[in-house]
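Derivation of every value follows stated rules applied to the coordinates shown; laboratory data play no part. Keep in mind the model is a prediction, meaning the values are calculated, not measured. Note that each Cβ is placed from the backbone with ideal geometry, even for glycine, and that neighbours are counted across all protein chains shown.
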Amino acid sequence: MAIIISSEKASEIALLFFGITSEAFTLPGDTDENFKLKTAEGDYYLLKISPTDQDLNILEFQNELLKHLQSKKLDVQLPSVLPNMDGKYLSDYNSEDGTVRKIRLLNWIDGRLWAKVNPKTEMLRNNLGEQTGKITKALLDFEHPASKHTSQWNLAEVRWTRDFIQLFTAEERKLVGSFLDRFEDIQTTYKSLTKSVVYNDANDYNILVSEDLKNPKVTGIIDFGDAVYTQTINDLAIVLTYAIMDIPDPLAAALDIVKAYNKHYPLSEKELECLYTLVGIRLVISVTKSTIRKKEVGSSDYHTISEKSAWLLLKKWRSIHPHFALYSFRETCGYSAHPSYDQFKEWALTNKVSLSNVFPTLSFNKLTDIDMSVGSIFLGNASEYNDPALSEFKLQRLQRENPNSLLANGYLETRPFYSTEAFKSESNNGPQYRTVHLGTDFWIPTETPIHTPFDGVIVILHDNDFVKDYGPTIIIEHAFNQEKFYTLYGHLSRASLSRFKVGQHVKQGDLIANVGAFSENGNWPSHLHFQLMMDLMGNGENFPGVAFPSEESVWKSVCPNPMLLFLEELVPEKADLSEEKMKIFRKEHLGKGLSLSYSKPMHIVRGEGAYLIDSDGKKYLDTANNVNHVGHQHPEVVKAGQQQMALLNTNTRYLHENIISYADALLKKLPKELSVLHFVNSGSEANELALRMAKICTGQNDFLAIEVGYHGNTNAVMDVSSYKFDGKGGSGQPLSTHILPLPDPFRGRHPGENSGKEYASYAKKHIEHQKANGEGIAGFIGESMISCGGQIVPHADYFKEVYKHVRSAGGLCIADEVQTGFGRMGKTFWAFELYDVIPDIVTMGKPAGNGHPLAVVACTREVAEKFNTGMEYFNTFGGNPVSCAIGTSVLDVIEKEKLQQNALETGGYLKSELQSLRKEFPIIGDVRGEGLFLGFELNDANKNPLAEHASYLADRMKELGILMSTDGPDYNVLKIKPPMVFSKANASELIFRLKTVFTEDFMMQY
């Protein structure tokens, strides 16, 4: 056995052969001994010392390969072999043990290892596919006699692993054996594939990534020591193997790479047929090598570093049906996903039948499409579409309105029914839901007879005891042009299954089943789910009726539109307006100051509870929207508004019970001193009225307001909103407004827990200044917790002191509770109550109507009487019966569902978890707030704000299915003010995703 070269000896060798004075550091290696050389000038090199038995021809082959790649001038860094002092690329070193070792020197390539990059984004995988595809293409015209050497890493030679299969457990043997068997099954195709010299080792420790932590790219590829002549497709299989490890959805990740790779090396259909198996084969070689190494030399980080991940991927990869993987690869590369799809469409065009053959007992002369998509108005609120009796009634009513129609819908429709835990899985970007409907539904009466449209053979009779998808189901196999397709009939009566046995033939027009009652089919209204399939993909009992939106393009080839079989056409009720057209229209015709959230705008069409749902049915946990206070589209609130709107909506000049009921309920939530209410339509209007009241009551025009405060978008409130007039496009502070410093105990002028009086003293100074100039103040307006200012919670005595100074000067105190009111604090119903103060005027907005335009101004009787100057205050829509019905319902829901208590408990839990995160991730500088009005800010070690990190965090959280927003003077604060139905489970999900992002490279470097 050859002597192991020390790092000191490596330095001597580098000086001897290359004239380089350096310090050597040992690097791991599978065959060669490797050393990183560092010179005093800061230059780096890679010294490779080959084993004594290394074939000289192979070393020359590797050198020539690198020279060949350098000649291609690829836009990625690759190793290049450097000559010794004699101009040679291979040097002979006479070792102390009498053996001769071959020495090579390569340039050093800097970069982060792929294995260490977090997160590995779709963009980065695309880039990897692009760069490795270019290398594959560059090597197509490279030839060398030694390239056809034997190598255990050559996928074509995998059979050697069978000699070691007994080293595995029974479960592992089954897993490994399944891919070895598949490899034998593909031999006829595999042997016919294109061959070339391939890189053969694009593992996660040979791919180098840029130091750009936000938008990383592949910048270098190293270690060509395993290059070999073999099937060209092997190279892509190896790239995929390591790039999709430790990822929730490996197939989706693989497609990101394949798509880009295919642009540079176009993949043939036959190559794609083998790709799934070859990924498994590389994993088999990897785990076999690791197991042998452990047996020979014990555990070694280098030789077993990917072993655990490889086993996990092997299991995941095996769980993907090979046909679906193939169809996905084909679609990504521009082929029809199913190879027979186009042929089937041609056959169907000349073999159409009428739906009257399927439903001979029904009388209809047209089809009527029903919109049941995520944004369907027909479906209505979740409480409606989850009520089978109501859904049945609505369908029957629609049928009566369309007496000569067959009601149908559903193909490739994204539906809200499936945005539930039962249809949820983890994607590479957070939760995903199987919301895309793959069949057509015919909404017909219970017991309607169903006849087969074509000759066929019964292949599946399934009685789903759990009735979770279709209920009783029949699948029939049909033939076309020596190929097969299948029809599925779901939501049948249980008695239908007794008519046939599997394997039994049926003729076109035979009665095969009857539509089942909703009691047999998961409480669905009676209908037939009819689905067309080109491949059962191993499903022996049932077949998926819904798919993930990301896979729609594949599934629509595997499950073509069932209406291809019929003479009748089903025309959608309305054409969808594309997102691109919506963006263009907004840009051209809506206000120029109106922006869209996120760089890739969201198309939100439904809200339910704590979630917003987009047009693909993806659910986003909403942590930022305090407008829908008791939950998005709360059924009780919706019902209250609908019922009153159907009856009456008019102004307040008439007697009506609703305004009395709402006012009485709201007054019970306020201190007795605040006994008079004025109803308006928005928080801006409420604050506008409050300012007007203060001016009239005091005869003064000047106001004190808090720095970075925001009170609305009308002229008067803009004048007291530092957030606006000091911000982008603002015109500066008006002379009549006097700004108090943001009372931030963490990073403000007066940090610390006893800063209240210090911050409040500024109010006194402004008042004294006014007095010295012979002027007074109308009052003070302040958010009880400063939201846009960064979820700031002033010290406990701040407002008490400010109120004291203001009242001593004859001014009024206005508490803006638009963001903080209605139980959100948990401990109290209003935020001002936390400070033991009673304002003269309180304004409320957004949450009052759960998104409906409703706002309120509450004031003392004294203020109300002074405001009543004889000029009538009238608001056309303020306090109308519909708004008051909604407002009353909001208060009822808060009480019945104990949402204030939920804010206390869930908010306390969430705040505690955030504080634990702060200990783990020092980038979190401060956690603050009460109840479900929380915030945390991102800072470096010196408390400097990290706005870019906050923006990154919000964007990444959106990708992971959670909506967050940033704010504060430096935009480094993440606000958390979700609907009040936000649960502990929601809070745990938020913490889990935050922890995921906080471990990412960009967030760890600041």
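At-a-glance table
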| item | result |
| --- | --- |
| Per-residue Cβ neighbour rank within 10 angstrom, fewest leading, HIS711, HIS766 | HIS766, HIS711 |
| Shape category assigned to the range 7-107 from the gyration tensor of Cα positions, a/c cut at 1.5 | oblate |
| Distance (nanometres) between label positions extended 7 Å along Cα→Cβ at THR169 and GLN504 | 4.5 nm |
| Counted charge near GLY968, where neighbours are those whose Cβ lies closer than 12 Å (Asp, Glu -1; Lys, Arg +1) | -3 |
| Shape call, the range 596-711: gyration tensor on alpha carbons, a/c limit 1.5 | oblate |
| Anisotropy class of the chain from Cα gyration tensor, a/c 1.5 cut | oblate |
| Förster radius 25 Å - calculated FRET efficiency between ASN523 and GLU421, Cβ distance, rounded to 0.05 | 0.90 |
| Residues of type aspartates and glutamates that LYS619 reaches as a straight line, Cα spacing below 15 Å, ignoring anything fewer than 8 places off in the same chain | GLU421, GLU426, GLU608, GLU959, GLU989 |
| Calculated [θ] (222 nm, deg cm²/dmol) that DSSP helices of n ≥ 4 give over the chain, each run adding -39,500 (n - 2.57) | -10500 deg cm²/dmol |
| Listed pairs LYS270/LYS484; LYS67/LYS295; LYS67/LYS289; LYS270/LYS995; LYS639/LYS995; LYS137/LYS424 exceeding 32 Å between Cα atoms | LYS67/LYS295; LYS270/LYS995; LYS639/LYS995; LYS137/LYS424 |
| Size of charge dipole - the range 115-332 - debye, nearest 20, with Cβ of Lys, Arg +1 and Asp, Glu -1, no other charges | 260 debye |
| Rounded to whole Hz, the Karplus (6.51, -1.76, 1.60) HN-Hα couplings of the range 221-237, x for glycine and proline | 9, 10, 6, 9, x, 9, 4, 7, 8, 6, 4, 4, 4, 4, 5, 5, 4 |
| The range 784-834: chymotrypsin sites (Phe, Trp or Tyr not before Pro) in DSSP coil with no more than 13 other Cβ atoms inside 10 Å | none |
| Per-residue Cβ neighbour rank within 10 angstrom, fewest leading, THR277, THR999, THR843 | THR999, THR277, THR843 |
| DSSP-loop GluC sites (Glu not before Pro) across the range 769-861, with at most 15 other Cβ within 10 angstrom | GLU775 |
| ASN94 versus LYS116: modelled label distance in nm, points set 7 Å from Cα along the beta carbon direction | 4.0 nm |
| Pairwise FRET efficiency - LYS827 versus LYS943, Cβ, R0 = 30 Å, nearest 0.05 | 0.60 |
| Nearest-ten-degree value, helix 899-920 long axis tilted from longest Cα axis of the chain | 40 degrees |
| Segment SER988-ASP185, extension gain: residue separation times 0.36 nm, minus the distance between their alpha carbons | 284.4 nm |
| Order of THR473, THR52, THR219 under a 10 Å beta carbon neighbour criterion, fewest first | THR52, THR219, THR473 |
